[in-house]
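Trainee: Starting off with a structure, shown below.
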Amino acid sequence: APPKPEPRSSEDEYVAHFLEMARICRQHGAWFGILLPVYRDPALPGSDPDHPEDRGDPEEGFRMTRYRELLRDTARDNHVPALEIPELTERSWPKNKDLFGERIHPNAAGHRIMAERLAAFLAEPLAHPGSK
């Protein structure tokens, strides 16, 4: 079996990257918001009814949930706007199956939902550019 990929960054590094982007934006008077990570399903073995033989990747599923929770809490604590799209998270599994090409990448239907939510999320700062 191929080796399991390692996370690109630790939880602390992951959150710190977003905080640094927010700091730089604020320093330059720019608005900053976060689109929280999307992920299709819990990635548990046998959780896909169409592919019960799929071994999944529970570690990745847990990591994506944890990253989203940490980022959401950190954004709240630091007054950084954050957008979560519940239909594009594992909490909506298996109803969201038709919104993804695979676990981490939404398909055209998923991207349509994402675009609609992002447009609404950006409406306020675009309407009031001086507000933070």
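Trainee: Output the 0 to 90 degree angle, nearest 10, between the alpha-carbon long axis of helix 108-127 and the longest principal axis computed from the alpha carbons of the chain.
Mentor: With both axes taken from Cα atoms, the answer is about 20 degrees.
Trainee: Relative to the Cα centre, what is the charge dipole magnitude of the chain, using +1 at the beta carbon of each Lys and Arg, -1 at the beta carbon of each Asp and Glu, and rounding to the nearest 20 debye?
Mentor: With Lys and Arg at +1 and Asp and Glu at -1, about 500 debye.
Trainee: Given points 7 Å out from each Cα along the Cα-Cβ axis, report the A123 to E20 separation in nanometres with one decimal.
Mentor: Result: 3.5 nm between the two label points.
Trainee: Let me ask something else. Specify whether the C-alpha gyration tensor of the stretch 65-132 places it in the rounded, prolate or oblate class, a ≥ b ≥ c being the square roots of the eigenvalues: rounded for a/c under 1.5, otherwise prolate if a/b is larger than b/c and oblate if not.
Mentor: It is oblate, given that a/c is not under 1.5 and a/b is not larger than b/c.
Trainee: Also, quick follow-up: With the dipole of the chain worked out from charges on the C-beta (+1 for Lys and Arg, -1 for Asp and Glu) around the Cα centre, which of L71, L83, F121 lies farthest toward the positive end?
Mentor: Ranked along the dipole, the leading option is F121.
Trainee: Next question. Taking the chain as the reference, fit the longest principal axis to its C-alpha atoms, fit the long axis of helix 11-27 to the helix C-alpha atoms, and give the angle between the two in degrees, 0 to 90, nearest 10.
Mentor: 30 degrees
Trainee: Next question. Ignoring ligands, DNA and RNA, what percent of the accessible area of the chain is carbon or sulfur (1.4 Å)?
Mentor: Result for the chain: 57 percent of the exposed heavy-atom area is carbon or sulfur.
Trainee: For a quick check: with amide H placed at 1.01 Å from N, whose amide H comes under 5 Å from F100's, ignoring anything fewer than 5 positions away on the same chain?
Mentor: Here N107 satisfy the definition.
Trainee: Which distance in nm do the two modelled labels at F62 and E6 give, with both placed 7 Å along the Cα-to-Cβ direction?
Mentor: Taking the two extended label points, one gets 1.9 nm.
Trainee: Non-local amide H neighbours of T89 (under 5 Å, H modeled in plane, Pro and chain starts lacking H): which ones?
Mentor: Y39
Trainee: How large is ³J(HN,Hα) for each residue in the stretch 62-75, as worked out from phi by the Karplus curve 6.51 cos²θ - 1.76 cosθ + 1.60 (θ = phi - 60°), to whole Hz, x for Gly and Pro?
Mentor: Rounded to whole hertz, the list is 4, 4, 5, 4, 5, 4, 4, 4, 4, 5, 4, 5, 5, 4.
Trainee: How much area per residue is accessible in the stretch 1-89 when the probe is 1.4 Å and only protein heavy atoms are counted (Å²)?
Mentor: With the other protein chains kept in place, the stretch 1-89 gives 62 Å² per residue.
Trainee: Moving on. 222 nm [θ] for the chain, helices only, -39500 (n - 2.57) per DSSP H run of 4+, per residue, to 500?
Mentor: -14500 deg cm²/dmol
Trainee: Continuing with the same structure: Whole-Hz Karplus ³J(HN,Hα) for the stretch 28-34, in order, using 6.51 cos²θ - 1.76 cosθ + 1.60 and θ = phi - 60°, x for Gly and Pro?
Mentor: 9, x, 9, 6, 9, x, 10
Trainee: If the elastic network links every pair of Cα atoms under 10 Å, which of D12, D57, D48 fluctuates the most in the Gaussian network model of the chain?
Mentor: The residue with the greatest mean-square fluctuation here is D12.
Trainee: Same structure, new question: Give the long-range amide H neighbours of A82: residues separated by 5 or more places, or on another chain, with amide H under 5 Å away, using H modelled in the peptide plane at 1.01 Å from N.
Mentor: I34
The values are calculated or read from the model by the stated rules, or taken from the named source; none is laboratory data. Owing to the predicted nature of the structure, the values given are computational and were not obtained by experimental measurement. No Cβ is skipped: glycine too gets one built from the backbone with ideal geometry, and neighbour counts run over all protein chains shown. Each accessible area value is taken on the protein alone, full model and side chains, heavy atoms only, with ligands, DNA and RNA left out. Shrake-Rupley method; radii C 1.70, N 1.55, O 1.52, S 1.80 Å.
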